[in-house]
Every structure is written in C-alpha cells, then in structure tokens.
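The values are calculated or read from the model by the stated rules, or taken from the named source; none is laboratory data. Predicted, not measured: the structure shown is a model, and the values here were computed from it. So basically every Cβ, Gly included, is an ideal-geometry build from the backbone, and we count neighbours across all protein chains shown. Remember, those area values only see protein heavy atoms, side chains included, never the ligands or the DNA or RNA. Shrake-Rupley method; radii C 1.70, N 1.55, O 1.52, S 1.80 Å.
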Amino acid sequence: MTTLTAPPKTAPPPARPRKSPGTAKWKRRIPLLPALIFTIAVTQLPFVATLVISTFQWNILKPGERHFVGLDNFTFVFTDERLRTAVLNTIVLTASVVLLSVVLGLGLAMLLDRRFAGRGLARTLLIAPFLVMPVAAALLFKHALYNPDYGLLNGTLNAIYRLFGADNGPTVDWISSYPMPAVVLSLVWQWTPFMMLILLAGLQAQPGDVLEAARMDGASAMATFRHITLPHLRQYIELGVLLGTIYIVQTFDAVYTITQGGPGSQTTNLPYEIYLTMFRKYEYGQAAAAGVVVVLGAIVIATFALRTIASLFREEASR
Amino acid sequence: MTHAALAAPGARFKKLLHRGDDHGSAPKLSPLWTFTAWLATLAFFAPVAWMVLTSFHQEADAATNPPTPFAPLTLDQYKLLFSRDITPFLLNSAMASILSTLLVLALAVPAAYALSIKPVQKWTDVMFFFLSTKFLPAIAALLPVYLIVKDAGMLDNVWTLVILYTAMNLPIAVWMMRSFLAEVPKEILEAAEVDGAGLLTVLWRVVAPVAMPGLAATSLICFIFSWNEFMFAVNLTATQASTAPVFLVGFITNEGLFFARLCAAATLVSLPVLIAGFAAQDKLVRGLSLGAVK
C-alpha cells in the first residue's frame, strides 16, 4: 500500500565485518530479499493502482464513459454526505469499542493478576470470545442475543418478567432500535479478551519488590494503583489501544453480518461504504479515492502506533 | 514461559490448570472479588456456551422464548451440515490457511534471521517498513486486487487467497520471529563460530532449539488470522474456492433461518482456532503484540 515516514532509530547500527565488506553485505541481505520483494509486490503495487484509478471517472455499468477526471473523485469524497456519515460512524465505532474493551480488559486483568480458585480455567474461558471466528461471533450476536423472538436478551427479560408474575416481557428489536450499540457490544465482547491478555502480561511484568515496598510503606491499594501500577501499565495500554484501533478501524465482518450498514446508513463504516461503492454502485473511481483517503487517515494513526512500538522496541534492544 | 513447549506433556497440562501460579507472590483475591471475577468470566463465556449447547439441539428447541437450555441433545445438526456439504468450504479454508502459513514461514524465517542474528544495516527501518504495510486498511487494496485477480483469471481460486493471506501475515511473522531469534544467546553463536562450526550446524544445533517454540507460535497466529479472514474471501471467491466464513454468511437472513444448524456451523468453524488458541495461550500474547510484550 504505502511506505510510512521512517520512525525514530532504535539502536546504533551493528558493527560491520572487516573482511570483504561488499560480498559479506550481500550475503546478509539475501535471506531478507524474498520477503521484501514479495511484500512490495503484493502491498505497494495495488496502492499505486488505487492512486491511478482514483483519478478516473469509472463506473463498470457505463463502460464507454471511462475517462480521466483529475481530483474530481476526491472532491466527491470530501463533500458526499454518505461518506461523511461513514467517517463519523467509523470514529464512533472504533473509539467506543477501544475505550470500553480497554476499561473492561483492565478490570479483568486486575482480577486475574491475583490468585483465586480456578484462575487458570477462568483465563482460558475468557479468551474464548477472541478465538471464535469473527463472522461466527457476529451471527451469534445477531441471532442468539439480539433476535426479538428467540434471542437470549429478550428471553432473559421474559423469564424475569414471568418470575415476577407478569405475562411476558417487552419485545425489543435490539438491532433496529439500537443498531450502533448492538455492533459495538459484539465487538467489545470480541476485543476485551485481547486487551485483557496484553494488560495481564503488563501486570505480571511488574517488579514485585516495588509493590512490596509500597505495601511496607503503608500505601493504600488505590495509591499503589495510581502511582505505581498505572504508570507501569502505560506502555501496555498504549500498545493495546493502538493495535486495537488498527484492527477495529478495519471492521468489516461485524457490520456486513449484523446490520449491513443499516438501518439507513446508521452503522455504515468506511470499509463497508467503500465496499458498497465498489460492489453495489460499481463506482470504481470513487471507491479508489475513498480508499486513498482511508490510507491517509491510517498513516496518521500508524505514525503514533509506530512511535509507541518503537519505544517498546528500544527498551528491548537495550536490554 | 517461553520454553513451555519444551516441558513434559504432564507439566504442560498442570500448567493449564494452574496458569499464572509462577507469579506466586501475588496476593489472593477476597471471596467477594473472586465471585465478581467468576461472574464476569461466565458472562463473557455465556454466548460461546450457548452456541455450543444450541448446536446440539433440534431446531424446535433452539428458537424458543424463553430459552430452553435443558432440551434433549442430538447430533442431527452436525450430520445435516456434512450432508449439506460444508466439507468443501472447510477444505478450502484449511488449504488457504495451511499453505499460506507455510509460505509465510518460508519467507519470514530467513528475513527474521537477517534482521536479528546477523542484522543487515538499517535493520530497524526494514522492520518498520514491514509493520507499516500491516497498518494500512485492506479495504484500500481490495479494488486493485480484485481487478488484477480478475484480469489474471484467478477469481474463485484458492491460490489467490494463499497469496493475499501470505502478504497479510508476513509482517506479523517477521516481527514475531525476530523477537524469538533475538533470544538466541550471542555468546553461544560466537563460541560456535570460533570453534569452526558451519552455518548449517549453527542453525541446526544452536538457533533451531531456541527458535522452535517461536516458530510454532508464529505459525499458530498466521493460521488463526488466515482461517478467520472474511473480506477477501467473500469478495474474491464464488463457488469453487469459498472458505468457511463465506459458508457462514449464508445464515444472515432471518427468513427460513435454521438457528440450531447455524450454531453447529459456527461451532464447527471456530473449533480449530479455539483448540489451537487454548493450547498455546502462553504464546498468544507475545504473538498478538508482535513480540513487543512477553
């Protein structure tokens, strides 16, 4: 797709061998080349094609009318109301899923960092949502939880109402009444275990003696958490947020499966809108232009992400 | 924890049950918080449990309100799935995932070697180049990939998926493998070279034993991501090369929905990843964080 600006250097260049530097240098590069060439061919070339297509008026239903239009598609992308809604939906979806899953993941990680009966089993069960195939998880939420007639949410409400003598509970059509929360909830369910795993690794990497010292000094649990644990976890939280953002911005499965972007365009995010432009409206030029804009947005996020990862990387390299 | 795979099988099972006990100094959770922890765990696990349970029910018992968890169990849904031919989809998924994982390893292991044990100049820049390709949304590449694949007559072909999944996972694999290879002690490598051991001997005797668990973890992560991939699969395949997630989306509509059969299909396609993920949970964190977290 594209190359990003070079991130900060993380280590001094390794010492060069003294004898015949030319051949030795190439000998070292040879194992790297197949992977590098493959990556450039499969990821960078399509992006060049996207750039070219984005300057054409090209609708597959009107084959005779393909022609160069310069930046017109970009004007369209920035002024089209559907796309603006899609950008907004993408931000709302990504931000709420990341935020909620980090908070829930942190809570679970704090609990699982302590000893309790069946901790190993609890951890194993907790990672299951992350391992269920995303399309399967989305269908599971759509039908097993949200379905107004036989979904678990309404079923449970019903059972509770009957427990208290009422005839039946309310029949809520969760997906059409609360489309965005419905998608968010299913994604939070999938991503909380991911955050939990990374934050738990962070908690377990905490130096025990510092915590011990804090306890000896009579620091309260809250103070220890705020002044020792949270600063220590910062890097792990950043890593979780950034990796989560990268994956969740790209969400396609859940939107396609649960709401198909609807009702109206209430849950249409950018990947789904681009998909619609491409395979429903057949406007290739517009889809390509939207793709270019998405990549530009991703570069902004990725620059932050690379910086965070570079700092973790530097720590490791200096070890 | 890195060398868990080298431990005896018995020890491994014990570890699954008492995971995290190595952190022995950790304080105990009070009964109230233990209850909270278990409540949260069960809340998160409930949809999975419900999916598996429903998959063993008859359709009439599956779509009831209120739910009937204690309905009689049956294998009918699974039998139906196989008679309605989920098999080719599973085979396509297995083929795309396994072949691309092998291809990823063939490309990533030498690259990771060149980036860690005998690093090339500017190796960090190369590392970040690989990673940057992962950050860019696949949707932006879908159109040109679709057009190229169509022109090449490779639509609805498993090999198309193999190549795309390889590109998708290669950066992750390079990062992970590098972090595992970086653990090979430099002193031992140097000592072996001073003793006049050849490259192959060094690789086989020194590097391989340390890197094996890492290789297993890397393959697992690549397999999981390929197995679960949906966007390319649904847009680039039609009838011959469709994978398991594409089979599943046939259940999207509400009309004539077979809920129990849907649950059986969802359980079946999630099973390989669930088993692999449970078995290798130690490695999962390091893989998911590209090796940045141990």
Q. Among the listed residues B:VAL293, B:VAL246, which satisfies the condition of being free of Cβ contacts under 8 Å to residues at least 24 places away in the same chain and not acidic (Asp, Glu)?
A. B:VAL293
Q. Taking segment A:157-173 only, how many residues are open to solvent by 80 Å² or more (accessible area, probe 1.4 Å) and facing chain B (nearest Cβ under 8 Å)?
A. 1
Q: Mind counting the residues in segment B:254-279 that are open to solvent by less than 20 Å² (accessible area, probe 1.4 Å) and within 21 Å of B:PHE180 (Cβ to Cβ)?
A: 1
Q.
Among the residues of segment B:237-246, what is the count of those that are facing chain A (nearest Cβ under 9 Å) and crowded, with 23+ Cβ neighbours inside 10 Å?
A. 2
Q: May I ask you to list the residues in segment A:139-156 that are in a helix (DSSP H, G or I) and within 9 Å of chain B (Cβ to nearest Cβ)?
A: A:LEU139, A:LEU140, A:PHE141, A:LYS142, A:HIS143, A:ALA144, A:LEU145, A:LEU152, A:ASN154, A:GLY155, A:THR156
Q) Are there any helices (runs of 4 or more DSSP H) wholly within segment A:227-319 with 2 or more residues that are surrounded by fewer than 17 Cβ atoms within 10 Å (Cβ to Cβ) and without any contact (Cβ under 8 Å) to a residue 40 or more places away in the chain, and if so which? A) A:230-249, A:284-317
Q. Of the residues B:ALA71, B:ALA26, which is more than 9 Å from chain A (Cβ to nearest Cβ), at pLDDT below 90 and open to solvent by less than 80 Å² (accessible area, probe 1.4 Å)?
A. B:ALA71
Q | Qualifying residues in segment B:96-139 (those that are at the interface with chain A (Cβ under 7 Å from one of its Cβ atoms) and among the small types (Gly, Ala, Ser)) - the one farthest from A:GLY22 (Cα to Cα) | A | B:ALA138
Q: Can you work out which of the residues in segment B:192-233 that are away from every other protein chain (no Cβ under 13 Å) and part of a loop (DSSP other than H, G, I, E, B) is nearest to A:PRO271 (Cα to Cα)?
A: B:GLY198
**Q.** segment B:44-61, residues that are more than 30 Å from A:SER101 (Cα to Cα) and in a helix (DSSP H, G or I)
**A.** B:GLU59, B:ALA60, B:ASP61
(Q) I'd like the full set of residues that are of a type in the set (Gly, Ala, Ser) and either open to solvent by less than 10 Å² (accessible area, probe 1.4 Å) or more than 7 Å from every other protein chain (Cβ to nearest Cβ) (or both), limited to segment B:142-167. (A) B:ALA152, B:GLY153
Q. Taking segment A:251-301, which residues are touching a Lys or Arg at 6+ places or on another chain (Cβ under 7 Å) and under 15 Å from B:ASN235 (Cβ atoms)?
A. A:THR257, A:GLU273
Q: Scan segment A:42-88 residue by residue and report those that are touching a Phe, Trp or Tyr at 6+ places or on another chain (Cβ under 9 Å), within 14 Å of another protein chain (Cβ to nearest Cβ) and crowded, with 17+ Cβ neighbours inside 10 Å.
A: A:ILE53, A:SER54, A:THR55, A:PHE56, A:TRP58, A:ASN73, A:LEU83, A:ALA86
Q. Yes or no: B:ALA173 open to solvent by less than 20 Å² (accessible area, probe 1.4 Å), more than 8 Å from chain A (Cβ to nearest Cβ) and under 23 Å from A:ALA310 (Cα atoms)?
A. yes
Q) In segment A:293-305, how many are under 18 Å from B:VAL145 (Cα atoms) and either modelled with pLDDT of 90 or more or in contact with a Leu (Cβ under 6 Å, 6 or more places away or on another chain) (or both)? A) 2
